[in-house]
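**Student:** Just dropping this structure here.
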Amino acid sequence: MYRNVLSITGILSFLLLLSCSPKKTPPTPPVPVNLFTVKAQPVVYYDRYQATTVALSQVNLLPQVQGYITAISFKEGSHVKKGEVLYEIDKRLYEANYKAAEDNLKVAQGNLTQAQQDADRYAYLNSKDAVAKQTYDHAVITLQNAKNQVQSSEQALKTAATNLTYSTITAPFDGTIGFSMVKLGDLVNVGQTILNTVSTDDPMAVDFLINEKQLTHFEKLKEGHYRPVDSLFTLIMPDNSFYPETGEISIIDRAVDPLTGSIRVRLVFTNQKYNLRPGMSCIVRVRNQDSTPQIFVPNKAIVEQMGEFFVYEARDTTIADTSSKKHTDEPSGPMMIAEQVKVQPGATIGPNIIIKSGIKEGDRIVVDGVQTLHNGSKINPFDKSAGSKKGKGGGSQAE
């Protein structure tokens, strides 16, 4: 009986020791990935900038005389020519003022003729001492006043003529006119009532911002220091279509914005069909002039973290320390890991993106499976389409 108790106690103790022994950790399987071998080759690509179309000249039409609108002589939204009549303000008052000023000038001219005759007569008599000195002096003064009155009447006539001209409002230059802000019969006030807006439409300006670091490059583009390229500046319309005409640099602003470190550049495009309107949001494409080979990778290989960009580079390694693996079934030997590498991306070319720094030609990077990776993850290069393992991925051709 005592022996049986001891046997049972021993068995229970052995089982208890087995339950307290450390369990084997299941091995972490490598992540299946596809790799891409980095290559460098000459590519044609464009730097893109958000841009806005701007009229080279634009003016608000404001009345310079007061009155009621009596005529509107244009079609809203149409192209108008310089000097074309647009509005007429009730001109009856200004015609009457012009007529009155004209008559006043005639009266002043008649008074001047009479004063001139009197002055000549008294001057002759004064030379013969046949008239009082005071009478002669008064004749001279009257003549001068008559001359001043004529000058004043001439200026009044010019003012009346100007006001009469202002009652007819014409286009200041060739351009497109917008919606009328007044209707027939509306009372307009001098310098307060906006009648309409006219803006030039051919050529059309396109403004965009560049970083101050790019200023020297754009100065060279403006001066034509690079080889001539027909499609150096092209435009993508708001509907993603390409504008058929190419542009050229017109102006680079005088100063850099100290808050943003940017400076404005203005391009000019011909606009004979009036497809460009002021205020449109477009994309300016600037063809890159660098003919040296560029490094590019698929877009899907890029990982963004906190505004920085990374790729996972596949690197060979060997597990040399087998003592630390005594509780796992993972074998030692050669393997591959994914190492996170910071890169500086450039322009996008279709499904690929140019990399300016961070990796070099010949490096292998992960293009599929990056979502499940972290720095140092074990990877297993695997071609999903062929179903076989591989050590390298093929290169991609840029369009």
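**Student:** Once label points are set 7 Å from the Cα along Cα→Cβ at both GLU223 and SER241, what is their separation, rounded to one decimal in nm?
**Tutor:** So the label points at GLU223 and SER241 sit 3.9 nm apart.
**Student:** How large is ³J(HN,Hα), in whole Hz, for each residue of the stretch 213-220 in order, when computed from phi with the Karplus curve 6.51 cos²θ - 1.76 cosθ + 1.60 and θ = phi - 60°, using x for Gly and Pro?
**Tutor:** For the stretch 213-220, the Karplus curve yields 5, 8, 4, 4, 4, 6, 4, 5 Hz.
**Student:** Go ahead and run the numbers for FRET between ASN299 and VAL59, Cβ-Cβ distance against an R0 of 45 Å, rounding to 0.05. Write down the numbers at each step before the final one.
**Tutor:** Working: r = 46 Å, r/R0 = 1.03.
Working from the Cβ atoms, E equals 0.45.
**Student:** Multiplying the sequence separation of ASN275 and ASP186 by 0.36 nm and subtracting their Cα-Cα distance, what value in nm do you get? Walk me through the intermediate numbers first.
**Tutor:** Numbers: separation 89, 0.36 × 89 = 32.04 nm, distance 3.29 nm.
Result: 28.7 nm gained on full extension.
**Student:** Pairs LYS39/LYS213; LYS220/LYS356; LYS39/LYS222; LYS75/LYS158; LYS222/LYS360; LYS82/LYS222: which are spaced more than 23 Å apart, C-alpha to C-alpha? Present the calculation step by step, with values, prior to reporting the outcome.
**Tutor:** Working: LYS39/LYS213 28 Å; LYS220/LYS356 21 Å; LYS39/LYS222 33 Å; LYS75/LYS158 32 Å; LYS222/LYS360 33 Å; LYS82/LYS222 31 Å.
Check vs 23 Å cut-off fails for LYS39/LYS213; LYS39/LYS222; LYS75/LYS158; LYS222/LYS360; LYS82/LYS222.
**Student:** What accessible area per residue comes out for the stretch 65-121, rounded to a whole number of Å², with a 1.4 Å probe?
**Tutor:** It amounts to 61 Å² per residue over the stretch 65-121.
**Student:** How far apart, in nm, are the 7 Å Cα→Cβ label points at GLN41 and THR162?
**Tutor:** With each label point 7 Å from Cα toward Cβ, the separation is 7.1 nm.
**Student:** Moving to a separate point now. Test of understanding: what is the full-extension gain from VAL131 to MET335, defined as 0.36 nm times their sequence separation minus their Cα-Cα distance? Don't skip to the answer; put the middle values down first.
**Tutor:** Details: separation 204, 0.36 × 204 = 73.44 nm, distance 13.21 nm.
Stretched fully, the VAL131-MET335 segment lengthens by 60.2 nm.
**Student:** Could you give each residue of the stretch 68-76 its phi-based ³J(HN,Hα) in whole Hz, using Karplus coefficients 6.51, -1.76, 1.60 with θ = phi - 60°, and x for Gly or Pro?
**Tutor:** So the J values, rounded to whole Hz, are 9, 5, 10, 7, 10, 10, 9, 9, 4.
**Student:** Spin-label point model (7 Å from Cα, Cβ direction): what's the ASP257 to LYS75 distance in nm?
**Tutor:** 4.0
The values are calculated or read from the model by the stated rules, or taken from the named source; none is laboratory data. What you see is a predicted model; the values in this text were computed from it and never measured. Counting neighbours? That spans all protein chains shown, and the Cβs are built from the backbone with ideal geometry, glycine included. Just the protein is used for accessible areas: all its heavy atoms, side chains included, with ligands, DNA and RNA removed. Shrake-Rupley method; radii C 1.70, N 1.55, O 1.52, S 1.80 Å.
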